[in-house]
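The values are calculated or read from the model by the stated rules, or taken from the named source; none is laboratory data. Values in this document were obtained by computation on a predicted structure and should not be read as measured data. Every residue, glycine among them, receives a Cβ derived from its backbone with ideal geometry; neighbour counts consider all protein chains shown. Protein only, heavy atoms only, side chains kept; ligands, DNA and RNA dropped before computing areas. Shrake-Rupley method; radii C 1.70, N 1.55, O 1.52, S 1.80 Å.
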Amino acid sequence: MNIAETAYLNQIREQLVVRRQNLETALTKHENKQISHLLHDVDEALSKLEHGTFGVCQNCHESIEVDRVMADPLVTFCLGCLTPRQQRALEYDLQLAAQMQTQLLPLESSVKGWEVAYHFRPARIVSGDYFDLINDDHGGLYFILADVAGKGIGAAMLTASLRAVFRALIPTADCMGMLLEHANRLFCESAMSGQYATLVFGHVKAGGGVEMANAGHLPVLLAREKSVDVLESTDLPFGMFCSQQFTVQRTQLQPGDTLVLYTDGISEAQNASGEEWGLQQVREFIANKQVREPCELVRNCREQLDGFRGDSERFDDETMLAIQFAPARTAGEVREQAYA
């Protein structure tokens, strides 16, 4: 679909107008050829919006990739029409973005009484999945897992925005519901119209108490000794409306209980016949496992998923996060299970 036909147009126009005003202000203070050139590019983009040609490649007249336009409204050529030098520069930028995204993953935790493991594997160079673990300084842990709508650079930029918002707000939080409302408002202000994320945000306390909100995301699985509870979503996706409110669910973990969170890259993985692994398969896999060590659980899930898919191409980012209440342990540990 042509970018000019999408719901992003009005907000792109607003961004360009604000950028133009800023550039004009800068020019009145200091004459600069580079600023004049940028102002010309902004004017051209605004003109294309008015004439319905925004987001169209100047060379082949096909649509430019949506995620690239969302990341930079001034882009004028599609990937296929870039020169070899431009392609190399873009590849370098993507590799750098992937390295930065990898460095933002939580690699270790010093919280006593918790064992954590994860699997994180982007479908492309950068991912629209995001997760984080943040100590609360009282023996507990905040956890977040989100799946931003879309793929590529635009989605990856929003994951960085989510991380910044939650990391800034959590130290000041007194109430999870208010924290989510504030975070949602900030996310709405930084995202463009039509952009949102499904998200699970929770807080596990030193004694095993859990507060959690599920904003349009897949069900969270709570693996107990003899059962698997399914904790369904109760709210709309994060960022749908700036004035959203969120429902906080509460439960109590017993020693050995494990929370399992995952994105649809896991549940909707397909084999060569086009069959999906499915939510029921995810639940049955967790229920059938005798060993509930997060490290082994996540590793076994990844291996079974790869076996089911076979040689079929991956079309979506994969993330799984397992958090186990282990008060007998001296210290929690986060273990990276896969990143490829």
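Things worth noting here:
- Only one of 55, 80 that is of a type outside the set (A, V, I, L, M) and surrounded by 18 or more Cβ atoms within 10 Å (Cβ to Cβ): 55
Yes/no matrix, rows are residues, columns are (1) of a type in the set (A, V, I, L, M, F, W, C); (2) closer than 25 Å to residue 204 by Cβ; (3) at pLDDT 70 or above:
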{"position": "79", "(1), (2), (3)": "yes, no, yes"}
{"position": "82", "(1), (2), (3)": "yes, no, yes"}
{"position": "91", "(1), (2), (3)": "no, no, yes"}
{"position": "105", "(1), (2), (3)": "yes, yes, yes"}
{"position": "124", "(1), (2), (3)": "no, no, yes"}
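- In region 243-269, the residues that are more than 22 Å from the chain's Cα centre (by Cα) and either in a loop (DSSP other than H, G, I, E, B) or among the charged types (D, E, K, R) (or both): 250, 253, 254, 255, 256, 257
- Any hit, region 212-219, residues being out of contact with any Phe, Trp or Tyr (no Cβ under 6 Å at 6 or more places or on another chain), open to solvent by 10 Å² or more (accessible area, probe 1.4 Å) and at pLDDT below 90: no
- Neighbours by Cβ (under 8 Å, 6+ apart or cross-chain): first from region 237-248, of a type outside the set (A, V, I, L, M); second open to solvent by 70 Å² or more (accessible area, probe 1.4 Å) and outside any loop (DSSP other than H, G, I, E, B): 242/185; 242/189; 243/185
- Residue selected from region 132-156 under the condition more than 9 Å from the chain's Cα centre (by Cα) and assigned to a helix (DSSP H, G or I), by the criterion surrounded by the fewest Cβ atoms within 10 Å (Cβ to Cβ): 152
- Criterion violated by residue 316 - all others in (1) out of contact with any Gly (no Cβ under 8 Å at 6 or more places or on another chain); (2) open to solvent by less than 50 Å² (accessible area, probe 1.4 Å) satisfied: (1)
- With respect to the conditions (1) modelled with pLDDT under 90; (2) among the hydroxyl-bearing types (Ser, Thr, Tyr); (3) in contact with a strand residue (DSSP E or B) (Cβ under 7 Å, 6 or more places away or on another chain), residue 142 lacks only one, and its number is (1).
- Within region 163-178, being touching a residue at least 40 places away in the same chain (Cβ under 8 Å), within 17 Å of the chain's Cα centre (by Cα) and buried (at least 19 other Cβ atoms within 10 Å of the Cβ) holds for no residue.
- Being open to solvent by 10 Å² or more (accessible area, probe 1.4 Å), part of a loop (DSSP other than H, G, I, E, B) and touching a residue at least 40 places away in the same chain (Cβ under 8 Å) is a condition met by at least one residue of region 271-285.
- Test result for residue 234, at pLDDT below 90 and surrounded by fewer than 19 Cβ atoms within 10 Å (Cβ to Cβ): yes
- Taking the criterion of being open to solvent by 80 Å² or more (accessible area, probe 1.4 Å) and acidic (Asp, Glu), the only residue of region 251-270 that qualifies is 268.
- Within region 24-50, being open to solvent by 100 Å² or more (accessible area, probe 1.4 Å) and acidic (Asp, Glu) holds for 31, 50.
- The listed residues are 189, 181, and the only one of them that is open to solvent by 50 Å² or more (accessible area, probe 1.4 Å), out of contact with any strand residue (DSSP E or B) (no Cβ under 9 Å at 6 or more places or on another chain), in contact (Cβ under 8 Å) with a residue 24 or more places away in the chain and not in a strand (DSSP E or B) turns out to be 189.
- For region 192-207, the set of residues classified as modelled with pLDDT of 90 or more and either surrounded by fewer than 15 Cβ atoms within 10 Å (Cβ to Cβ) or basic (Lys, Arg) (or both) consists of 205, 207, listed by residue number.
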